Amino acid sequence: MIGAVVMVGSPEKTQVEPRTVVQVLPWVTTACRLGLAGVLIWAGAAKIGAPALSVQAVEAYELLPEKAAEIVGYVLPVSEIVLGVLLVVGLLTRITAVASGLLMALFVAGIASAWARGLNIDCGCFGGGGQLAPGESPEYLQEILRDLGYIALAAWIVWRAPGRLALDTVLGLAAKRDTGGEEDVNDDDEERH
């Protein structure tokens, strides 16, 4: 009799665990969306009030002609804020995550390029930027690793978009499989019985 109880208990337990994971994954995606959005909005907001410093930060990388660096310096903070807001509300989530990931990859490439060329600059990621004072050292490895982490968040969002609390779901722009909605309905019905 005890053996039968253990046998009955084991399959039920294994059936519950996969459903629990399926229910949690959309919330993980939402957390990734909000985390990446927070970073983008923070970075954009730190730069938007001082566009001259944003332009200076872009110019410090010595990758673009002066006029192109000026345009990027002015457009970048607005772009970061727009991407961040789209991630917060979960609108065009996959496209926004791809754009955010590509932006972060450009940041990684720019920082790696500055490091490889021996430039001594502040990345300007969260305002400021430009040449560092004598005796100050850049933190290129930390900045690259941080941005690679943000790329990982963007990749997760692309894979599991849109997550919970997303306008994509409300507007019918996301498939039910992506939100885990179908599994939740079935779980609710089973719990009532």
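Just so it is clear, none of the values below were taken in a lab; they were calculated from the coordinates. None of the values given here were measured: they were computed from a predicted structure. We place every Cβ from the backbone using ideal geometry, glycine too, and count neighbours over all the protein chains shown.
Less than 5 angstrom separates the built amide H of G129 from those of G124, all sequence-distant by 5 or more or on a different chain.
For the stretch 68-151, the list of GluC sites (Glu not before Pro) that fall in a loop by DSSP and count at most 16 other C-beta atoms within 10 angstrom reads E136, E139. Shown in residue order for the stretch 54-61 are the 3J(HN,Hα) couplings computed by the Karplus curve 6.51 cos²θ - 1.76 cosθ + 1.60 at θ = phi - 60°: 5, 5, 4, 5, 5, 4, 4, 6 Hz (x for Gly and Pro). Each residue of the stretch 106-117 was assigned a 3J(HN,Hα) from its phi angle through the Karplus expression (A = 6.51, B = -1.76, C = 1.60, θ = phi - 60°), giving 5, 4, 4, 4, x, 5, 4, 5, 4, 5, 5, 8 Hz with x at Gly and Pro. Take the Cα radius of gyration of the stretch 101-167 and divide it by 2.2 N^0.38 Å, N being the number of residues; the result is 1.37. Electrostatic tally near W115: other residues with Cβ closer than 15 Å to its Cβ, Lys and Arg +1, Asp and Glu -1, net -4.
When the stretch 87-147 is described by a simple charge dipole with +1 on each Lys and Arg Cβ and -1 on each Asp and Glu Cβ, the residue from G130, A99, I111 located farthest towards its positive end is A99. In this structure the amide hydrogen of I121, modeled in the peptide plane, comes within under 5 Å of the amide hydrogens of L132, none closer than 5 places in sequence on its chain.
3J(HN,Hα) along the stretch 88-94: 4, 7, x, 10, 6, 4, 5 Hz, from the Karplus curve 6.51 cos²θ - 1.76 cosθ + 1.60 with θ = phi - 60°, whole Hz, x for Gly and Pro.
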